[in-house]
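Here's the structure we're looking at; comments come further down.
The values are calculated or read from the model by the stated rules, or taken from the named source; none is laboratory data. All figures in this text were calculated on a predicted structure; none of them were measured in a lab. Please note: Cβ atoms are built from the backbone with ideal geometry, for glycine as well, and neighbour counts cover all protein chains shown.
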Amino acid sequence: MKHQRSLQGIIGLTIVLLVLLACGTSNPGLTTTPTPIPSVPLFPAIQDGKAGYIDVLGNIVIQFKFEHAAPFFEGLAAIQLDGLWGYINSEGEVVITPAYETAYDFHNGRARVKVNEKYGYIDPTGKLVIEPDFEETSDFSEGVARVLRCTDLNKCTQVDVVGWQEFSFLSGGEKSFINVDGKSVVTLEYYSVKSMHDGMAAIQVGEQWGYIDREGELVIQPQFDKADDFSEGLAAVQVGEQWGYVDKTGTLVIQPQFDEADDFSEDLAAVQVGEQWGYVDKTGTLVIQPQFAWAVVFSEGLAGVRVGEQWGYIDKTGTIVIQPQFDSVDDFSGGIAAVWMLDAQDVHRLRLRGYISPKGEYIWEPAK
């Protein structure tokens, strides 16, 4: 079920950042500086209250001089200076001048921006390529993004499900998928719509969920109580109180039998049986028996699992290879994983982010 993914959305590297224009010109951050793609992965880190970037060995690559820093996506990373957000390249050079209140990550060559309370999209030069004309938008995924234009602000009622990347409007709005040029490619007449994954998007009709394809054709009729994104050819769906998996024809290839179910990743999916989590393969066979308090997707051969109140990592045999010791964890990416520890001296229970290697060794100690 998608709330498993919401853990990563809350604590992971992918920081969702809204962008609001902060000066009078239509393209305040416009630049023609080319965007080099990092030759090695870079990761945001904190030192003495400032943000910078390190490499997979923990070496400082971009000095700690920003108020906040987001991960790199498509060669650019959003950073905050003097209260405003812009973008840097992998050399640490500002290529889109900080002029926004906040800034989203780039996907498919576009990043969302908010201008005068409406959303549009910029390209990697900072050019506003899709005019801000929408009340709600999503990141681009597989070449399309969901957008909503309210025709009656008094009737547009939003239902925001944290972590599901889903929006719903009862009435007064026009929903569609747009392409990277801003052209509407599919008009969406559904109550709820999720992002495009594996060429399919989950939609809600009444109380039931089904799927459409990239052309907007209803390819799996609404019949499920809940439906998640497709991943590796399968999607978790709920029938009654139990979860199973369907293929792209809508056939239940793994019968509903789990209390919760997450996406497939690296041929395995985390599922809940009773109070415990384990993993199934694509035949529905439990290959790692339910034994964890919580479990998330595999990435680079390892998956985060919670034992008691602490998180560690297992391999694909189910063996704990990094002992539970963290307050929260993220997926491995680029050879390291972000982990968090609570700051015992902070009354707000601030979580401090560090990075570990696949051996569980810190390459960057949690800091603030």
Handout entry: Residue in the stretch 105-123 that is nearest to the chain's Cα centre (by Cα), counting only those that are of a type outside the set (S, T, N, Q), closer than 17 Å to residue 72 by Cβ and not in a strand (DSSP E or B)
Key = 105
Practice task
Answer yes or no as to whether residue 315 is of a type in the set (D, E, K, R) and under 30 Å from residue 367 (Cα atoms).
Solution key: yes
Exercise for the section: Would you mind telling me which numbered condition in (1) touching a Ser or Thr at 6+ places or on another chain (Cβ under 8 Å); (2) at pLDDT below 95 residue 89 fails? Expected result: (2)
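To keep it simple, each residue is scored yes or no on (1) under 20 Å from residue 108 (Cβ atoms); (2) part of a loop (DSSP other than H, G, I, E, B); (3) modelled with pLDDT of 95 or more; (4) among the small types (Gly, Ala, Ser).
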{"site": "34", "(1), (2), (3), (4)": "yes, yes, no, no"}
{"site": "44", "(1), (2), (3), (4)": "no, no, yes, no"}
{"site": "52", "(1), (2), (3), (4)": "no, no, yes, yes"}
{"site": "57", "(1), (2), (3), (4)": "no, yes, yes, no"}
{"site": "61", "(1), (2), (3), (4)": "no, no, yes, no"}
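Look through the stretch 210-266, keep the residues that are among the basic types (Lys, Arg) and in contact with a Gly (Cβ under 8 Å, 6 or more places away or on another chain), and return whichever of them is modelled with the lowest pLDDT.
So in the stretch 210-266, the residues among the basic types (Lys, Arg) come out as 214, 226, 248.
Checking the rest, the ones that are also in contact with a Gly (Cβ under 8 Å, 6 or more places away or on another chain) come to 214, 248.
On the way: 214: 91, 248: 97.
My answer is 214.
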Exercise for the section: Mind listing whichever residues of the stretch 214-263 are under 24 Å from residue 143 (Cβ atoms), without any contact (Cβ under 8 Å) to a residue 60 or more places away in the chain and not in a loop (DSSP other than H, G, I, E, B)? Expected result: 218, 219, 220, 227, 230, 231, 234, 235, 246
Handout entry: All positions within the stretch 134-161 that are modelled with pLDDT of 90 or more, surrounded by fewer than 19 Cβ atoms within 10 Å (Cβ to Cβ) and part of a strand (DSSP E or B)
Key = 141
